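The values are calculated or read from the model by the stated rules, or taken from the named source; none is laboratory data. The shown structure was predicted, so the numbers you read here are calculated from the model rather than taken from an experiment. Here the Cβ positions follow ideal geometry from the backbone for every residue, glycine too, while neighbour counts run over all protein chains shown. Accessible surface areas use protein heavy atoms only, side chains included; no ligands, DNA or RNA. Shrake-Rupley method; radii C 1.70, N 1.55, O 1.52, S 1.80 Å.
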Amino acid sequence: MKPPKYIAELKQVREVSLFGVAELAWWTKRLQCEGLFPTTSCGRAQGMISGIASRFMGLPFRELVIAVFTTRTAGSDQRDGVFLLHAFNSSRLLAWSERTFFSTPYIHSQLDVAIGPPATLDLRLPELRLLSVKLVGDSTEGRNS
């Protein structure tokens, strides 16, 4: 299988990713119309929330995605892909570009991403905090200096 071609490859990215589990029945129903199934672990769907801070063509931005790992076989723990439930970008231009050119579920929002320690993610709309995460303890697995 050939690796995918990317429109942009970012350098110097700060990233905080949370991997966890979610309600299997909800995700199974949500993915049914896509012909996909959630990847499972101990009877739960496998998901992630990932936030990055970087630059694209000199434009600084922060991005947060909420996704679930997918498979084409019901009940499998094999990760065949990722389904993007929702995404947020601190740049109005980049959020618009994602929606317009790639039909992805991006919206403009206020985001803070810090690799810490402690690592934090903070997602806000003008009058509403949607997500605030602070990782405590030793959560440096996979961190690049």
Checklist outcome for this item: With the label point 7 Å along the Cα-to-beta-carbon line of THR28 and a cut-off under 16 Å to each amide N, the hits in the range 70-92 are 70-78
Next on the checklist: Given points 7 Å out from each Cα along the Cα-Cβ axis, report the GLN110 to LEU85 separation in nanometres with one decimal.
Outcome noted: 2.4 nm
Checklist entry - When the helix-only estimate is applied to the chain (DSSP H runs of n ≥ 4, each -39,500 (n - 2.57), divided by the residue count), what is the mean residue ellipticity at 222 nm, nearest 500 deg cm²/dmol? => result -4000 deg cm²/dmol
Next on the checklist: I need the phi-derived Karplus couplings for the range 29-34: 6.51 cos²θ - 1.76 cosθ + 1.60, θ = phi - 60°, integer Hz, Gly and Pro marked x.
Outcome noted: 5, 4, 8, 3, 5, 8
Checklist entry - Can you give the relative contact order of the chain as a percent, counting alpha carbon pairs under 8 Å and 6+ residues apart? => result 17 percent
Checklist outcome for this item: At R0 = 25 Å the Cβ-Cβ FRET efficiency linking SER103 and CYS42, nearest 0.05, sits at 0.15
Checklist entry - When the chain is modelled as a GNM with alpha-carbon springs shorter than 10 Å, which of LEU128, LEU24, LEU59 fluctuates the most? => result LEU128
Checklist entry - Sorting ASP112, ASP122 by accessible area (1.4 Å probe), largest first, what list results? => result ASP112, ASP122
Checklist entry - Relative to the first principal axis of the alpha-carbon coordinates of the chain, what is the inclination of helix 92-102, with its axis defined by its Cα atoms, in degrees from 0 to 90 and to the nearest 10? => result 30 degrees
Checklist entry - Hey, which aspartates and glutamates would be in cross-link range of LYS29, C-alpha to C-alpha under 19 Å, not counting anything within fewer than 8 residues on its own chain? => result ASP77, ASP80
Item to check | Simple Cβ-charge dipole of the chain, Lys/Arg +1 and Asp/Glu -1, about Cα centre, in debye nearest 20 | outcome: 260 debye
Checklist entry - Sorting GLU63, GLU34, GLU9 by accessible area (1.4 Å probe), largest first, what list results? => result GLU9, GLU34, GLU63
Checklist outcome for this item: Kirkwood-based Rg/Rh on the Cα set of the chain evaluates to 0.97
Checklist entry - With θ set to phi - 60° and the Karplus curve 6.51 cos²θ - 1.76 cosθ + 1.60, what are the ³J(HN,Hα) couplings of the range 16-23 in order, to the nearest whole Hz, using x for Gly and Pro? => result 10, 10, 10, 10, x, 10, 9, 4
Next on the checklist: Shape verdict for the range 14-69, please, from the Cα gyration tensor: rounded (a/c under 1.5), prolate (a/b greater than b/c) or oblate.
Outcome noted: prolate
Checklist outcome for this item: Taking r as the C-beta separation of PHE56 and LEU130 and R0 as 25 Å, the FRET efficiency to the nearest 0.05 is 0.60
